[in-house]
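Written below as structure tokens is the structure these notes are about.
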Amino acid sequence: MALSEVVVLSLGGTISSTDTGDRGVAPSLSGEDLVKDVPEIAEVAEVTAQSFRQMPGSELTLDDLVELSAEIKRRIEGGVKGVVVTQGTDSIEETAFVLDLLVDEAEPVVVTGAMRNPTLPGAEGPANLLASVRVAASDAARGVGAVVVMNDEIHAARFVQKTHTSNPATFRSPLTGPIGYISEDNVRLVTRPVGSYHVALSEKTQNRPVALYTVALGDDGSLLSFIKQSGYGGLVVEAFGVGHVHSTIAQTLEDLAEEMPVVLASRTGSGEVHRSTYSFVGSESDLLSRCLINAGMLDGPKARLLLSVLLRIGTPKEQIAAQFEHWFGG
Ligand code: ASP
């Protein structure tokens, strides 16, 4: 039986890094190098590779991802059965989420990387790449949206987070757990995320910067006064717990929410922002009554990306809250 076609689009990151002879490693291996390094891949799928970018995860931008999503769609139209993106793990939880928003095809889009670079004992890039090609070539992962495959686990892009600086088991989905795993050569999907939310975004649209602000004990929010004059088109506030800030910040946020969409997320990174549990000034119900938008179950970085994408397609401020609800209702 003919093997399925899978394309590997490499963006750089630790998985592709080699010794620079200077102060450590930096991305240098091409997509083809990565695939050649894992001969077992040839038994799983017919793989072609393309180096789409060559940079650390921290260098990627939304513009890169808009271009990447267009390339993924072109490849799928051209007949590939699945797509693997290799990149720096630093931003995987964000890039995978953007791909989940922008690519609405059923073909699997799998994002992977490595925590240990190829010069280290126990480098896990080759194993992650092989597992990702298995998932990309599988029927099981069709229609579940973008996923992150690392350490033999499959995580839905909308829930996954990088939770440790260096441990290879860094990727977790604290709210839900992984949606599947790889065992020997089997791809096992044990659950499927409900619903999907897609945005059609043309490569020609302009970026609208969105600020991400985390509150902290005793913070009076002085920094917030620079948000508007710095040219931001929106703001995501990572508040305490279920959505709380110090009372002195509440009015500043209300003023900002008159000017731009201000989304209320939680700095805890997991669980929903509440709506009507507390009533004090600076509580979640107070802030929502001041026209802040509830991020629901999205953490701060993901809420920021959803808002960025919505602003980029020109969504009017009055419709942003409904879009967050829509995403949430999935
Ligand atoms: N530690 C990162 C990685 O795993 C570095 C980066 O994101 O490029 O690839």
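The values are calculated or read from the model by the stated rules, or taken from the named source; none is laboratory data. Remember, predicted model here, so these are calculated numbers, not experimental data. Heads up, the Cβs are rebuilt from the backbone with ideal geometry, glycines too, and the neighbour counts pull from every protein chain shown.
Restricted to helices (runs of 4 or more DSSP H) entirely inside segment 225-330, those with at least 1 residues that are closer than 27 Å to V144 by Cα are 300-312, 317-329.
In segment 86-142, the residue that is nearest to the ligand (Cβ to nearest atom) out of those that are polar (S, T, N, Q) and farther than 30 Å from L310 by Cβ is N117. Of I41, I72, all but one fail to be within 21 Å of the chain's Cα centre (by Cα) and among the hydrophobic types (A, V, I, L, M, F, W, C); the exception is I72. Of all the criteria given as (1) over 13 Å from V6 (Cβ atoms); (2) out of contact with any Asp or Glu (no Cβ under 6 Å at 6 or more places or on another chain); (3) in contact (Cβ under 8 Å) with a residue 60 or more places away in the chain; (4) not β-branched (V, I, T), the one not satisfied by G122 is (3).
Restricting D33, D37, D22 to residues that are free of Cβ contacts under 8 Å to residues at least 60 places away in the same chain, away from the ligand (no atom under 15 Å from the Cβ) and within 17 Å of L130 (Cβ to Cβ) narrows the list to D33. Residues in segment 31-40 that are buried (at least 17 other Cβ atoms within 10 Å of the Cβ) and farther than 13 Å from A127 by Cβ: G31, V35.
Exactly one residue out of S270, S283, S279 is at pLDDT 95 or above and in contact with a His (Cβ under 6 Å, 6 or more places away or on another chain), and it is S283. Being farther than 25 Å from P174 by Cα, among the hydroxyl-bearing types (S, T, Y) and touching a Lys or Arg at 6+ places or on another chain (Cβ under 9 Å): is that true of T252 here? Taking the combined requirement at face value, the residue does not satisfy it. For segment 183-238, the tally of residues that are closer than 19 Å to W327 by Cα, surrounded by fewer than 11 Cβ atoms within 10 Å (Cβ to Cβ) and not small (G, A, S) stands at 1. For segment 50-87, the set of residues classified as in contact with a Gly (Cβ under 8 Å, 6 or more places away or on another chain) and either in a strand (DSSP E or B) or crowded, with 24+ Cβ neighbours inside 10 Å (or both) consists of Q50, S51, F52, R53, Q54, M55, T86, Q87, listed by residue number.
Against the criterion of being of a type in the set (S, T, Y), within 16 Å of the chain's Cα centre (by Cα), at pLDDT 95 or above and within 16 Å of the ligand (Cβ to nearest atom), T163 qualifies.
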